[in-house]
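To keep things clear, I will list the structure first and then write my remarks on it.
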Amino acid sequence: MPEFGVERDLAVYNKLLDVFPKEVFVPRNAVQRMFNHYPRQQECGVQLLEQMEEYGVMPNVETKVLLVQIFGKKAHPIRKYQRMMYWMPKFKHVNPFPVPLQLPEDPVDVARFGLARIANDLDAKVTVYQLPCTDITETGEEITIPHVVGIQSPSQMELLAKHNPNKPVFVEGPFPLWLRQTCVHYYVLRADPPEEKVEEPYDPERSLYYPLRLDVDFGRDLGDEENFDVEDLDEGPVFAMCMTGRGDQATLNQWISGLQENNPMLGQVPTLFRVNAGPQELSASADAESGHAHRPDTETRSEEKLQRDGEPGVIVEEEPQRRQGRNQ
Amino acid sequence: MIMNANRLIVLSKCVQSCQRLLACNVRHAGKKVQQVQQQRLFRTHCRQLAYAKDLFLGSLNKDEVFPYPEIGKEELDEINQLVAPVEKFFSEEVDSAKIDREAKIPEETLKGLKELGLFGLMVPEEYGGLGLSNTMYARLAEITSLDGSIAVTLAAHQAIGLKGILIAGTEAQKQKYLPKLASGEHIAAFCLTEPGSGSDAASIQTRATLSEDGKHYLINGSKIWISNGGMADIMTVFARTEVDVDGVKKDKISAFIVERAFGGITSGKPEDKLGIRGSNTCEVSFDNVPVPVENVIGEVGGGFKIAMNILNSGRFSMGSSSAGMIKKLITMTSEYAATRKQFNKSLSEFGMIQEKFAVMSLNAFIMESMAYLTAGMMDRPGLPDCSLEAAMVKVFSSERAWICVSEALQVLGGLGYTKNYPYERYLRDCRILPIFEGTNEVLRMYIALTGMQYAGKITTWKINEIKKGNVGLAIGMLVKKIMNKFSSSVDLGLTGKDGVVHPSMTESAKMLELNVTHFGWTVETLLYRFGKTIVDEQFALKRVADVLINLYAMTAVLSRASRSITIGLKNNDHEILLTNTFCSEAFFRNNYMIHQLQEHTPGNSDANIKKIAAEVLQDRSYICSHPLERIY
């Protein structure tokens, strides 16, 4: 059915069920009822219902009538139908972040949806820094300009503004995000976690109406401690994310300069690009059979570039390539 | 607490030593606090100047509140003489409907108010004001509240606008500014709030920089929601200044007296408000306004304390002004209820309408009692700190006034809803009461936390010892708690042989005593459970504040009614009735709230509320599916 694209069409399933002859497989006496009457046919019916369940198609009253006519009221398919009718509604809305069946065609819209999904923040603003277009230059070459869509929330902007200019920020990526059958890649602008947590000293002249801190010596009672959280690890702040059509240096630079309009701090902070080569096709390698089981890696560490704004010279440093072979 | 200890010593010998140790140490700690608080008085055992704060410890300071504060006969005659012309003015020459319609107070009305001296009620006589005490100010506030816009204009002028100069100004500043302000020639305003800063003083953006010659401060910034902002000539402006604190440069807030004549001040257009439309509220911008260094109020960097003192001192008059308004409403509404007939009965014979009138008079009675009790306490010698009591009066009066005006409008039904009657104007004017002068939420936090701070200082020793593992002390406290659970009566000295409450209200007084004791234990438990982090537990703090407000209200009515019946004022039996009704209602409400404050009680659904709020706020909308929604 997927070949014809009708796997989510209830009418087709009902038509398929209609193929079965009616009233032939219905057991007529106790002995037939005891011994799994027409088992292969019942299995077939059950498999059809299985496929319906797999694709999330909710059966119909027509389905039920057909099943009763074909297999009788106590057969396996009708039982399967009853179970489907009980469980499927319960699981219909169980995903708090559902991906729509039909993703938008436009890559910018897909990027918008994907970024909003990752950020999961109603304050975060999606900005399209560049729309995709194809230019034809004088020499007749086609130059495609990829789309650059970024996302940042006001709290991330504040964190970035407070970032220490001596510490670098990293552009990392591309990380895959699967949306049903499509995979998009996103890049992250992040920094290392700060070494010590700077706690704002208590200012007794902060609140005009009530004291923000009580002058008692003891803390909370054990019975009311609610905040031990094993997962409360600090992985370092994430300042922004983006998705682009082509993940090379130039496009990412464009993203960073676009971000700089709202975050002037980016001009003073050194930005390191730790970008992988991105998804590539596995090359049909002639030297794949070497005995050391080195496989041409799909992810190799490319050069790290130290980028400071305003400096004309770009320092390129080659880091020794780290192998991430899978068959070590 | 000491009396309880005595009883236990008699009962059980094994905890005798622990109890003695406990009482002795607590008394010791208590005395230390006393000495810190009252450095002006030189006796070691002195009158406890705080009433509400001691309620947090479960002890009732009956000397502060009983007998109800009185004023002398001459003073009373003086007030009545002041009151008569003001009442006449308000009933004849103030057209409230016109003020509301045109959103402006006419010049003649303002002139009349100035001539009556209402612009300088609390300014001392040597500067040209009337030099009234707090009680007299509260009395006059009852009358000015008949028109909401005028009341707010006057309050913004004198309760906060010129209060800064009054309480913290130098002699030169007072001489220069107070006479004109008291006569009303100049109008004052209080400029603190900014778009980004309501309660948070750290986010004030207005800056005052010292000029090169060191003689002027240049103020830059803008303030919003300034009452009298359009017509004020003298403003108390709060701005950030750079101050040297131990060699480190810090930004601290300072208070400045800024005259409009200095130049650079622009007022925006008046805000179109729901109620108090006659009061001028607008945005004020300061653009390099030169302020001479002599115009700093207090010292540079000390603006925060001045702001807090100003804000805390003007609140109590809201009780009497709301009471005045409700009394007028009762007169107007009962007139209607008695004459309108349905089903051959007048409205006043129906139970639900009768309930509304009872609620209105009860609330008016309580508000008056609380306001004048607080004013009386503030007027006593010794400069007591009644900011907690004033905040309680404000919270109680603002909420109850809204309910009462709503009920009065309800009695009139459709007629009350039209503009032909003043009820809708009273309702709109009343809505601002829970919002300005400190929103009720923030004031509840203030009430609860100030008390918790006080109680925490005193009980911190005990709780620390228990947390450290002092078993004897813990067992002692446990035994005391069990004993107390079995005794259903507590004696704090309100009734009985030396009782200060009249015998006709013995039951209510007993209820008050019981509530106070339970409250004291609850506060202790809360401190033990939450410690420092109680600042974040707003659900619990709200209940604590509500209980305390009820307790203070109960004290105020008991005190006032006792005085009434003792000296034989007119209709004192009605007052006794009101007192007993309110006390029993408040008693049960307090008990329920105290019950909710215990841990893991079914009456307490705070965890659920937090969860609901978290889910709704995460999505920023209502998240339930529509009731008609189907799955298949």
- Message: Consider region B:357-394. How many of its residues are more than 19 Å from B:HIS574 (Cβ to Cβ) and among the hydroxyl-bearing types (Ser, Thr, Tyr)?
- Response: 2
- Item | So A:PRO193, is it exposed (fewer than 15 other Cβ atoms within 10 Å of the Cβ) and modelled with pLDDT of 80 or more | yes
- Note on the structure: For region B:530-547, pairs from a residue that is farther than 20 Å from B:THR459 by Cα to a residue that is aliphatic (A, V, I, L, M) and assigned to a loop (DSSP other than H, G, I, E, B), with Cβ under 7 Å and 6 or more apart or across chains, are B:ARG543/B:LEU597
- Scan region A:64-78 and give yes if some residue there is free of Cβ contacts under 8 Å to residues at least 60 places away in the same chain and within 28 Å of B:SER625 (Cα to Cα), otherwise no. yes
- Item | For B:GLN205: the one exception among (1) under 25 Å from A:GLU205 (Cα atoms); (2) touching a Cys at 6+ places or on another chain (Cβ under 9 Å); (3) assigned to a loop (DSSP other than H, G, I, E, B) | (2)
- Query: Within region B:497-516, is even one residue crowded, with 19+ Cβ neighbours inside 10 Å and within 14 Å of another protein chain (Cβ to nearest Cβ)?
  - Reply: no
- Task: For B:PRO179, work out the one condition from (1) surrounded by fewer than 24 Cβ atoms within 10 Å (Cβ to Cβ); (2) touching a residue at least 12 places away in the same chain (Cβ under 8 Å); (3) within 14 Å of another protein chain (Cβ to nearest Cβ); (4) not acidic (Asp, Glu) it doesn't fulfil.
- Result: (3)
- Message: For region B:577-632: of the residues being among the acidic types (Asp, Glu) and within 14 Å of chain A (Cβ to nearest Cβ), which is surrounded by the fewest Cβ atoms within 10 Å (Cβ to Cβ)?
- Response: B:GLU629
- Given (1) surrounded by fewer than 17 Cβ atoms within 10 Å (Cβ to Cβ); (2) within 14 Å of chain A (Cβ to nearest Cβ); (3) at pLDDT 90 or above, where does B:SER254 come up short, assuming only one miss? (1)
- Do you know which residues across region A:1-23 are in contact (Cβ under 8 Å) with a residue 40 or more places away in the chain and either under 19 Å from A:LYS73 (Cα atoms) or of a type in the set (Val, Ile, Thr) (or both)? A:ASN14, A:LEU17, A:ASP18, A:PHE20, A:PRO21, A:LYS22, A:GLU23
- Message: Restricting to region B:55-78, name every residue that is buried (at least 18 other Cβ atoms within 10 Å of the Cβ), assigned to a helix (DSSP H, G or I) and out of contact with any Leu (no Cβ under 7 Å at 6 or more places or on another chain).
- Response: B:GLU64
- Query: Within region B:362-402, which residues are at pLDDT below 95 and surrounded by fewer than 20 Cβ atoms within 10 Å (Cβ to Cβ)?
  - Reply: B:ASP379, B:ARG380, B:PRO381, B:GLY382, B:LEU383, B:PRO384, B:ASP385
- Note on the structure: Requiring at least 1 residues that are within 30 Å of A:SER207 (Cβ to Cβ), the helices (runs of 4 or more DSSP H) wholly within region B:406-517 are B:423-431, B:440-468
- Item | Matching residues, region A:50-66, being among the aliphatic types (A, V, I, L, M) and more than 14 Å from chain B (Cβ to nearest Cβ) | A:VAL65, A:LEU66
- Task: From the list B:ARG315, B:ARG340, pick out the single residue that is surrounded by fewer than 23 Cβ atoms within 10 Å (Cβ to Cβ), basic (Lys, Arg) and farther than 21 Å from B:ARG428 by Cβ.
- Result: B:ARG340
- Going by the conditions given, is B:GLY221 on the phi > 0 side of the Ramachandran plot, within 14 Å of chain A (Cβ to nearest Cβ) and crowded, with 19+ Cβ neighbours inside 10 Å? no
- Message: So if I check each of A:VAL99, A:VAL126, A:VAL57, which one is buried (at least 16 other Cβ atoms within 10 Å of the Cβ), at pLDDT 90 or above and in contact with a strand residue (DSSP E or B) (Cβ under 9 Å, 6 or more places away or on another chain)?
- Response: A:VAL126
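Conditions tested, residue by residue: (1) assigned by TED's automatic domain parsing to the domain that holds A:ALA124; (2) part of a strand (DSSP E or B); (3) more than 20 Å from A:ASN253 (Cα to Cα).
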| site | (1), (2), (3) |
| --- | --- |
| A:MET157 | yes, no, no |
| A:LEU160 | yes, no, no |
| A:ASN164 | yes, no, yes |
| A:VAL171 | yes, yes, no |
| A:CYS183 | yes, yes, yes |
| A:VAL188 | yes, yes, no |
- Item | Residue satisfying condition, being more than 14 Å from chain A (Cβ to nearest Cβ), within 26 Å of the chain's Cα centre (by Cα) and part of a helix (DSSP H, G or I), within set B:ALA556, B:ALA545, B:ALA540 | B:ALA556
- Kindly indicate whether any position in region A:190-197 is without any contact (Cβ under 8 Å) to a residue 60 or more places away in the chain and within 14 Å of chain B (Cβ to nearest Cβ). no
- Item | Matching residues, region B:458-479, being more than 7 Å from chain A (Cβ to nearest Cβ) and of a type outside the set (Val, Ile, Thr) | B:TRP461, B:LYS462, B:GLU465, B:LYS468, B:GLY469, B:ASN470, B:GLY472, B:LEU473, B:ALA474, B:GLY476, B:MET477, B:LEU478
- If B:LEU311 satisfies every condition in (1) in contact (Cβ under 8 Å) with a residue 60 or more places away in the chain; (2) not in a helix (DSSP H, G or I); (3) not basic (Lys, Arg) but one, which is the exception? (2)
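The values are calculated or read from the model by the stated rules, or taken from the named source; none is laboratory data. If you're wondering where the values come from, they're calculated on a predicted model, not measured in any experiment. Here the Cβ is made from the backbone with ideal geometry for all residues, glycine too, and neighbour counts use every protein chain on show.
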